[in-house]
Each structure stands twice: as C-alpha cells, then as structure tokens.
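These notes are about the structure you will find just below.
The values are calculated or read from the model by the stated rules, or taken from the named source; none is laboratory data. The model shown is predicted, which means the values in this text are computed figures rather than measured ones. Cβ sites come from the backbone with ideal geometry, for glycine too, and all protein chains shown count toward neighbours. When the accessible area is computed, the model is the full protein with side chains, heavy atoms only, and any ligands, DNA or RNA have been set aside. Shrake-Rupley method; radii C 1.70, N 1.55, O 1.52, S 1.80 Å.
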Amino acid sequence: MTGLIDGSLSTLAPIFSVAVATHRPHYAFFAGLATAIGAGVSMAFSEGLSDTGEFTGRGNPVLRGAITGVGTFLGGILHTLPFLLTDYRAALVAAVIVIGFELITLAIIRWRFFQTGFARSIASIALAGAIIAAVGAALGGAAGGG
C-alpha cells in the first residue's frame, strides 16, 4: 500500500511540471517513466534496508522491498502512460482521469483492508495529490510553460 500511494503521489510533480513547461507530452512521459523507475528502486531499497524483519516480524526484507518497489513503480507509471498521446490537452485530460481512478482505488483499498473511512481516505489522498500536482504545474508554469 505504501508503494502504491508513494508512486501515485510522488510522481505527479515532475510529470506535470514537464508537461506544463514544455507542452510536449512525450517529454512528460519520459520524465514520468524516469521518476516511476527511480521511485520504485528507491522505495525497494529503502524498505528492504530499513528492517531485517528479525525484531519486528515484518518478513523477508528482499521480498518486502520488491513488493514495495513494484507497487511504487505501478503507482507512478499508470498516470504516465497518457503522455504517450501526441495531443497535449488530450494527454492532460487522460492523465487527470487516470489519477482520479487511482485515488479512488487507493481510498477503496484503505477503506476495505485498513478500516479507514472512505470519505476520510479519499479526502486525504485527493488533497495530497492536488497539492503535489499544483506544485508541479506551478513550477512548470514558472519555467515558461503556459
């Protein structure tokens, strides 16, 4: 779950920054791809190296790291894929739709498996996503994008 949330949220700023700054969807795609891969590797190592599992009983660190890394990559790559579209506006709209789907899915998972209220989950995840995407878009605008 940590990987999915981290990947879904942490990759938003670079993708939207590059998209808004350049208006070139393929540039945003490669920024998102690099960010998803980098975040996945980072989270895999962070999780795997943070705890041997001996004292906490959290299980094998390599397996935990792999699961977290793959989850992070998946969370980041899904809203990157719309930037394979060649039309800037269509890519942005598709990415926002995918992000909405991701955030609702994360809230459902938190509600179903972690007994967190659905409204609270969607509000907190959507707020974080909106802040991160707005920061990315603002930085892209400051870099000269429209």
Six or more apart or on different chains, Cβ atoms under 8 Å: show the pairs whose first residue is in the range 34-45 and closer than 9 Å to Gly65 by Cα and whose second is open to solvent by 30 Å² or more (accessible area, probe 1.4 Å).
Met43/Thr2; Met43/Asp6; Ala44/Ala66; Ala44/Val70
Qualifying position, being of a type outside the set (Gly, Ala, Ser) and closer than 18 Å to Val93 by Cα, among Thr56, Thr52, Thr80, Thr2
Thr80
Would the range 9-28 turn up any residue that is assigned to a helix (DSSP H, G or I), touching a residue at least 24 places away in the same chain (Cβ under 8 Å) and of a type in the set (D, E, K, R)?
no
Top-ranked residue of the range 78-92 - restricted to ones that are open to solvent by 20 Å² or more (accessible area, probe 1.4 Å) and within 19 Å of Pro14 (Cβ to Cβ), ranked as nearest to the chain's Cα centre (by Cα):
Leu78
Of everything in the range 5-23, what is over 18 Å from Arg89 (Cβ atoms) and open to solvent by 30 Å² or more (accessible area, probe 1.4 Å)? Give them in sequence order.
Ile5, Asp6, Ser10, Pro14
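Hey, could you check the range 114-128 for residues that are in a helix (DSSP H, G or I) and without any contact (Cβ under 8 Å) to a residue 12 or more places away in the chain and say which is surrounded by the most Cβ atoms within 10 Å (Cβ to Cβ)?
Residue satisfying both the conditions and the ranking: Ser124.
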Determine whether the range 103-112 contains at least one residue that is open to solvent by less than 80 Å² (accessible area, probe 1.4 Å) and under 18 Å from Phe16 (Cβ atoms).
yes
Given the conditions (1) modelled with pLDDT under 95; (2) surrounded by 15 or more Cβ atoms within 10 Å (Cβ to Cβ); (3) more than 18 Å from Met1 (Cα to Cα), every one holds for Glu47 apart from (3)
Do we find that Ile109 is under 12 Å from the mean Cα position of the chain (by Cα) and touching a residue at least 60 places away in the same chain (Cβ under 8 Å) in this structure?
no
If you take the residues in the range 51-66 that are part of a loop (DSSP other than H, G, I, E, B) and surrounded by 11 or more Cβ atoms within 10 Å (Cβ to Cβ), which one is modelled with the lowest pLDDT?
Gly53
